[in-house]
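The values are calculated or read from the model by the stated rules, or taken from the named source; none is laboratory data. Quick caveat, the model's predicted, so the values are computed rather than measured. Note that each Cβ is placed from the backbone with ideal geometry, even for glycine, and that neighbours are counted across all protein chains shown. Note: accessible area is taken over every heavy atom of the protein model, side chains too, but ligands, DNA and RNA are not part of it. Shrake-Rupley method; radii C 1.70, N 1.55, O 1.52, S 1.80 Å.
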Amino acid sequence: MKWNHSTLINSFLLVVMLCTFWSCQDDDVIVDRNYELVWEDNFAGLAGKAPDATKWAYDIGIGPGNDGWGNQELQFYTNRPENAALDGNGNLAITARSESYSGRAFTSARLNTKGIFAQAYGRFEARIKMPWGPGIWPAFWMLGANIDQVPWPQCGEIDIMEYRGQEPNLIHGSVHGPGYSGGAAITKSYGFTNDRFDVDFHVFAVEWGKDFIDYYVDDVLYQRLKPEDTPGEWVYNQPFFIILNVAVGGNFVGFPTPQTPFPQTMLVDYIKVYKEVN
């Protein structure tokens, strides 16, 4: 058959459209997985009460290297109720404050389940309402439970949600591993055109398996990561523990400004962890 110029162009466009269609289907289709709940905290209790000590521990201070937790963060993390407590309305309030404390100009809290709860694979989700302001850095994330034996980033890090207070319409989902950590992390953003994450609660989640990590906001799948998407080793094949924190300053968000109001509070309605069942 003789192919003229118009036929070749039309055929090429058809191939591109089909390839694009099937690629999008592979990347964006939501898989209906069967999960059962295995761990949760609904943060019920009286206002001012500490979060459940059978579920949560605290990171205290400015980091093992006295370098702002490796990020040049400006806060001192405490276990005081002024920085982490139930609000009496079914939420955990993690509050960053502008105050002089142990040589720092800000305080906040960083809670974790290290040594208490860790899991490999499943669905990890939290319903959160953000603070707002330049230099404010809330996060819901996970680290490999072997971090004491295998240093970061070889242990792996899964950032389910990170947020820059100066960009209240955007959140970020990332992984850090060997050869792709820090500024070279594999990351993608999800945002609103006419909404903000500080005006209402939203659900942030990952569904994680042996060879994938899917990122969701309010059940919208916006990123799917597979081993071939990382330039280094895929280290997400072991138990990870959960972290919740609100940092002030740091290399991801910069300094607070005079337009940054304090105190700043991240409200966490719940955290739930599921495992897949047949």
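Structural descriptor for the range 192-278: relative contact order 13 percent, calculated from alpha carbon pairs under 8 angstrom and at least 6 residues apart.
Accessible surface computed residue by residue for the chain, with neighbouring protein chains in place and a 1.4 Å probe, gives 48 Å² per residue.
Take the convex hull of the alpha carbons in the range 147-278; its mean projected area over all directions comes to 9.7 nm². For the residues G165, G191, G177, a GNM of the chain with alpha-carbon springs under 10 Å puts the largest fluctuation on G191. Sorting the segments 136-143, 262-269 by their mean number of nearby beta carbons within 10 angstrom, highest to lowest, gives 136-143, 262-269. Give me D for the range 98-194 in µm² s⁻¹, whole number, from Stokes-Einstein with Rh from the Kirkwood sum over alpha-carbon pairs, 20 °C and 1.002 mPa s. For these conditions, the coefficient is 139 µm²/s.
At R0 = 22 Å, how high is the FRET efficiency between I116 and S189 if r is their beta carbon distance? Nearest 0.05 is fine.
Computed FRET efficiency for I116 and S189 comes out at 0.10.
In sequence order, the range 141-146 has phi-based couplings of 8, 9, 10, x, 5, 8 Hz under the Karplus curve 6.51 cos²θ - 1.76 cosθ + 1.60, θ = phi - 60°, and Gly or Pro positions carry x. Taking the accessible area of the chain, probe 1.4 Å, and keeping the other protein chains in place, the carbon and sulfur fraction comes to 54%. Taking F197, F255, F43 in turn, the Gaussian network model of the chain (Cα-Cα springs below 10 Å) assigns the largest fluctuation to F255. Report which label in (i) 73, 73, 34; (ii) 81, 47, 37; (iii) 74, 53, 30 holds the value of Cα extents along the principal axes in Å derived from the coordinates of this structure. From the options (i) 73, 73, 34; (ii) 81, 47, 37; (iii) 74, 53, 30, the structure gives (ii). If I fit a long axis through the Cα atoms of helix 5-28 and take the longest principal axis of the Cα atoms of the chain, what angle between them do I get, 0 to 90°, rounded to 10? So the helix axis and the longest Cα principal axis differ by about 30 degrees. Here the calculated FRET efficiency for S102 and V31, from their Cβ-Cβ distance with R0 = 45 Å, stands at 0.45, rounded to the nearest 0.05. Only one residue of V273, L221, P153 has its Cα farthest out toward the positive end of the dipole of the chain, where Lys and Arg carry +1 and Asp and Glu -1 on Cβ, and that residue is P153. Give the cross-link partners of K210 among the aspartates and glutamates, using a straight C-alpha distance below 16 Å as the criterion and excluding same-chain residues fewer than 8 apart. Excluding near neighbours in sequence, the set is E157, E228, D229, E233, E276. Short-range pairs are left out: with C-alpha atoms under 8 Å and at least six residues apart, the relative contact order of the chain is 27 percent.
Among Y121, Y216, Y35, the residue with the largest mean-square fluctuation in a Gaussian network model of the chain, with springs joining Cα atoms closer than 10 Å, is Y35.
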